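The values are calculated or read from the model by the stated rules, or taken from the named source; none is laboratory data. Not measured: the values here are computed from a predicted model. FYI the Cβ positions are ideal-geometry reconstructions off the backbone, even for glycines, and counts take in every protein chain you see.
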2 protein chains.
Amino acid sequence: MIDQIVRDFLTRQTAGVLATTRSGGGVRQSVVYFALDGDRLLISTEPGRAKTKDVTRTGRASLCVMGGAPPYPSVTLEGPARIRTTGIGADTAELWSRMGGRPVEPMSDADLAAMNRVILEITIERVYGASYLDQGETT
Amino acid sequence: MIDQIVRDFLTRQTAGVLATTRSGGGVRQSVVYFALDGDRLLISTEPGRAKTKDVTRTGRASLCVMGGAPPYPSVTLEGPARIRTTGIGADTAELWSRMGGRPVEPMSDADLAAMNRVILEITIERVYGASYLDQGETT
């Protein structure tokens, strides 16, 4: 479902704009680091964040990933989303490795809980708005 | 209401992620070029676009603006939004000037209508999530 050109773009990019729906119905947007793993998007966040509560309540999220320079290559991905607190060591390490540019050792769920980290996971159900993805731009 | 540091960042950046709410309640996101004019965000789009229909229906929109490199400076702005088809020559010219990096002469509403252009205007009511805006990054 995810074209290779989209997959390659998502591998080159490390951050995107997450959108969730507020309890009042409005849209909340914020910048997040992400990792693509198969058909899942992984984001590391905190239990108390508004985006976490939105996902717990609505069960959905959207991520728009945009390159940093004209013509601004971009694509939007969305689908069912959930907050995970167990078995998150490998996914969190993968995210932190991407953010830091060097390998990070997986931590235990207990250590991550003590650090107030959870994984916001989106199962990609829909991909749209892919534009200029063949520009080969990197961040 | 808009801090000078936010204003300066929005002047340096030319594109952001627009979010609107679909008729079914989900979030729609896409990359747009924008211009800040006082407390308004201006976006040039087409009448038939889904984002245009969303704004006509809901009267609201959100824009998250993100720098192109780590630590990804960003801010989100939102508020009432509307679609304008008259008196849009100057705003459209300002947008195109920013996109192209050189002055563009204003066109008439009739010419812009023939080119299928409208202005999506957001009146900034809320600014949140401002992060790393003092990094001085440019796109």
Point to revise | Residue list for the range A:83-116, restricted to those being polar (S, T, N, Q) and either more than 21 Å from A:Val55 (Cβ to Cβ) or more than 17 Å from the chain's Cα centre (by Cα) (or both) | key: A:Thr86, A:Ser97, A:Ser108, A:Asn116
Practice item. Answer yes or no: is there a residue in the range A:120-134 that is among the hydrophobic types (A, V, I, L, M, F, W, C) and part of a loop (DSSP other than H, G, I, E, B). Key: yes
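Considering each of B:Arg49, B:Arg57 in turn, give the residue that is within 12 Å of chain A (Cβ to nearest Cβ) and over 27 Å from A:Arg12 (Cα atoms). Write out each step before concluding.
Values: B:Arg57 fails: within 12 Å of chain A (Cβ to nearest Cβ).
B:Arg49 is the lone residue from the list that is within 12 Å of chain A (Cβ to nearest Cβ) and over 27 Å from A:Arg12 (Cα atoms).
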Study note, to complete from the structure: Reported set for the range B:80-110 where residues are surrounded by fewer than 17 Cβ atoms within 10 Å (Cβ to Cβ), among the small types (Gly, Ala, Ser) and away from every other protein chain (no Cβ under 11 Å) is B:Gly87, B:Ala90, B:Ser97, B:Ser108, B:Ala110
Practice item. Determine, yes or no, whether A:Leu77 is farther than 20 Å from B:Val27 by Cα, buried (at least 22 other Cβ atoms within 10 Å of the Cβ) and not hydroxyl-bearing (Ser, Thr, Tyr). Key: no
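Looking at A:Asp37, A:Asp3, which one is more than 11 Å from chain B (Cβ to nearest Cβ) and under 12 Å from the mean Cα position of the chain (by Cα)? I'd like the intermediate steps shown before the answer.
On the way: A:Asp3 fails: under 12 Å from the mean Cα position of the chain (by Cα).
Only one candidate qualifies: A:Asp37.
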Exercise for review: Of the numbered conditions (1) assigned to a strand (DSSP E or B); (2) touching a residue at least 60 places away in the same chain (Cβ under 8 Å); (3) farther than 21 Å from A:Ala130 by Cβ; (4) not polar (S, T, N, Q), B:Pro71 fails exactly one; give the number of that condition.
Suggested key: (1)
Practice item. Would you mind stating whether A:Ala61 is in contact with an Asp or Glu (Cβ under 8 Å, 6 or more places away or on another chain), hydrophobic (A, V, I, L, M, F, W, C) and not in a strand (DSSP E or B)? Key: no
**Study point:** Close pairs from the range A:9-30: first more than 20 Å from B:Pro71 (Cα to Cα), partner part of a loop (DSSP other than H, G, I, E, B), Cβ under 8 Å, at least 6 apart
**Key:** A:Thr21/B:Gly25; A:Thr21/B:Gly26; A:Gly25/B:Gly25; A:Arg28/A:Arg22
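Looking only at the range B:86-131, count every residue that is β-branched (Val, Ile, Thr) and out of contact with any Pro (no Cβ under 8 Å at 6 or more places or on another chain) and tell me the total. Walk me through it before giving the result.
As a first pass, look at the range B:86-131 and keep what is β-branched (Val, Ile, Thr): B:86, B:88, B:92, B:104, B:118-119, B:122-124, B:127.
From what is left, the residues that are out of contact with any Pro (no Cβ under 8 Å at 6 or more places or on another chain) are B:86, B:88, B:104, B:119, B:124, B:127.
Adding up the residues that qualify gives 6.
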Review point. Among the residues of the range B:80-127, how many are touching a Ser or Thr at 6+ places or on another chain (Cβ under 9 Å) and hydroxyl-bearing (Ser, Thr, Tyr)?
Key: 1
Check your understanding: Filter the range B:10-46 for residues that are out of contact with any Ser or Thr (no Cβ under 8 Å at 6 or more places or on another chain) and surrounded by fewer than 20 Cβ atoms within 10 Å (Cβ to Cβ); which is modelled with the lowest pLDDT?
Key -> B:Gly24
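State yes or no: is B:Val55 farther than 16 Å from B:Asp91 by Cβ and surrounded by 22 or more Cβ atoms within 10 Å (Cβ to Cβ)?
On the way: farther than 16 Å from B:Asp91 by Cβ: no; surrounded by 22 or more Cβ atoms within 10 Å (Cβ to Cβ): yes.
Spelling it out, it is not the case that B:Val55 is farther than 16 Å from B:Asp91 by Cβ and surrounded by 22 or more Cβ atoms within 10 Å (Cβ to Cβ).
I'm trying to understand the selection: among the residues of the range B:83-139, which are touching a strand residue (DSSP E or B) at 6+ places or on another chain (Cβ under 6 Å) and small (Gly, Ala, Ser)? Can you show your working first?
Filtering the range B:83-139 for residues touching a strand residue (DSSP E or B) at 6+ places or on another chain (Cβ under 6 Å) gives B:83-85, B:88, B:91-92, B:94-95, B:98-99, B:117-131.
B:Gly129, B:Ala130, B:Ser131 - these are the residues of the range B:83-139 that are touching a strand residue (DSSP E or B) at 6+ places or on another chain (Cβ under 6 Å) and small (Gly, Ala, Ser).
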